[in-house]
Amino acid sequence: MKDNFRTLDLNLLRVFAALMAEGNVTRAADRLALTQPAVSNALSRLRQSLGDALFEKTQFGVRPTARAREMWSVIQPHFDALRTAVSPDTFDPLTYSGSLTVAMSDYTVERVMPRLSAFLSQKAPHLRLDLVQYSVSNLPTMFDKEGVDFAIGAYLNDTSQASGIRTHELWQIHSSCLMRKDHKLAKGRLTLQKFLNARHVDVRLPGMYTPLYDNLLSGHGLRRNLVLTLNHYSQALAVIDQSDCIGVLPTSLMDLSPYASSLVSVEPPIPMPIRPLGVIWHQRRDAEPAHRWLRTAIVTMFARGDAPPRRPAKARTARARPGTPA
């Protein structure tokens with residue numbers, strides 16, 4: 001058997017590690033301070049030495065082959081240990097002047113950014129955050145093509161099963177049916193037929209073809225009277241307050257809304273499953289000092305069982321599920 005290791009140029013492993021981390025030749029070149037042709041040439045030599053393509057072209061960059069994934073699972077711990085020994089982590093948030101791009105919906109921005117901004121002004125005054133719109137449907141594209149470093153948002157429980165996606169839960173999203181106190185459905189039993197026939201409003205974030213609740217109803221063979229879909233959460237309660245619409249939405253929207261005092265929350269006939277909200281990132285960012293520091297800070301500040309209320313809700317809820325913020 002040919003001894004590939006005896007003749008292998010170990011400098012090529014730096015290129016291999018950068019490609020595994022970035023999934024993109026241009027970004028790998030930037031990480032290594034090399035030109036793109038130099039990285040392509042190094043990859044060609046590595047392929048020849050190992051007798052495998054190692055990476056396949058995709059729409060957004062390159063994807064490791066099974067052989068590359070197998071190699072990296074063995075090499076990565078030793079490579080990281082060697083990198084740490086040669087270049088100890090000296091990250092100092094007080095002097096760090098880079099930027100990170102974070103995807104969040106307006107729901108999350110309203111609950112995270114006031115406290116996080118105050119924290120960063122003291123602990124990392126030169127760090128710049130660039131926020132972009134969030135959608136769980138677009139996570140692979142955001143991480144691979146759009147330069148998003150990590151996201152904070154509600155996600156599906158199987159999100160972490162996607163290739164390379166990491167998650168850390170911060171709190172849980174409970175949903176209920178929100179309506180005006182004087183709505184005709186606010187008193188008495190909310191039957192399934194009355195509920196489905198009512199005028200519904202919901203939120204559809206980028207990359208979503210239909211709101212999540214409609215997918216749930218479709219699984220039961222049901223369809224509701226959805227008359228309005230919004231692209232932000234911020235105005236949903238204003239619409240409900242000033243119309244006859246109802247909406248199955250995060251109950252914690254009531255915490256910050258000036259319309260909370262005129263609304264009630266009731267359990268819908270078909271409950272919306274609880275969804276986790278958390279920090280979401282690609283594993284290639286695991287060891288990056290600034291990325292890791294900010295992720296840890298966010299988890300320390302916000303990890304809890306329920307959405308963090310900023311002020312007490314003014315409205316009492318009807319039949320709210322236990323542990324759900326009113």
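Worth pointing out:
- Mean Cβ count within 10 Å, highest first, over the residues of peptides 295-301, 137-143, 14-20: 14-20, 137-143, 295-301
- The C-alpha radius of gyration of the chain, expressed as a fraction of 2.2 N^0.38 Å, stands at 1.21.
- Note on THR101 and ALA287: with the Förster distance fixed at 22 Å, the Cβ-Cβ geometry gives a FRET efficiency of about 0.75.
- Using the Cβ-Cβ distance between ALA85 and THR26 with R0 set to 25 Å, the FRET efficiency from 1/(1 + (r/R0)^6) comes to roughly 0.30.
- A simple spin-label model places pseudo-atoms 7 Å from Cα toward Cβ; at THR229 and ASN215 they are separated by 1.2 nm.
- 222 nm mean residue ellipticity, helices alone, for the chain (DSSP H n ≥ 4; -39,500 (n - 2.57); rounded to 500): -11000 deg cm²/dmol
- Projected label points at THR65 and ALA238, each 7 Å from Cα along the beta carbon direction, are separated by 5.6 nanometres.
- Each residue of the range 202-218 is assigned a 3J(HN,Hα), and the resulting list reads 8, 10, 10, 7, x, x, 9, 7, 9, x, 4, 5, 5, 4, 4, 4, 4 Hz, derived from the Karplus form 6.51 cos²θ - 1.76 cosθ + 1.60 (θ = phi - 60°), x at Gly and Pro.
- Radius of gyration, Dmax [the range 1-140; alpha carbons; angstrom]: 19.2, 61
- Per-residue extension of 0.36 nm, minus the Cα-Cα distance of ALA33 and ALA118, leaves a gain of 27.2 nm for this segment.
- Shown in residue order for the range 65-74 are the 3J(HN,Hα) couplings computed by the Karplus curve 6.51 cos²θ - 1.76 cosθ + 1.60 at θ = phi - 60°: 6, 4, 4, 5, 5, 5, 4, 5, 4, 8 Hz (x for Gly and Pro).
- Nitroxide proxy distance, nm - points 7 Å out along Cα→Cβ at ARG304 and ARG128: 3.2 nm
- Close amide-amide hydrogen proximity is noted between ARG199 and ILE246, each under 5 Å apart and 5 or more residues distant or on a separate chain (H modeled in the peptide plane; Pro and chain starts excluded).
- Cα extents for the range 127-251 along the principal axes, largest to smallest and rounded to whole angstrom: 49, 34, 24.
- Computed from backbone phi with θ = phi - 60° and the Karplus coefficients 6.51, -1.76 and 1.60, the 3J(HN,Hα) list for the range 127-143 is 6, 10, 9, 10, 9, 10, 5, 9, 7, 4, 5, 9, 3, x, 5, 4, 6 Hz; x is used for glycine and proline.
- Efficiency of FRET from Cβ geometry, THR141 and GLN48, R₀ 35 Å, rounded to 0.05: 0.60
- Under-5 Å amide H pairs with SER265, H placed in peptide plane, nonlocal only: ALA318
Rule-based calculations on the coordinates, nothing more; no lab input. Since the structure is predicted, the reported quantities are computational estimates derived from the model, not experimental observations. Don't worry about glycine lacking a Cβ; one is built from the backbone with ideal geometry, like all the others, and counts go over all protein chains shown.
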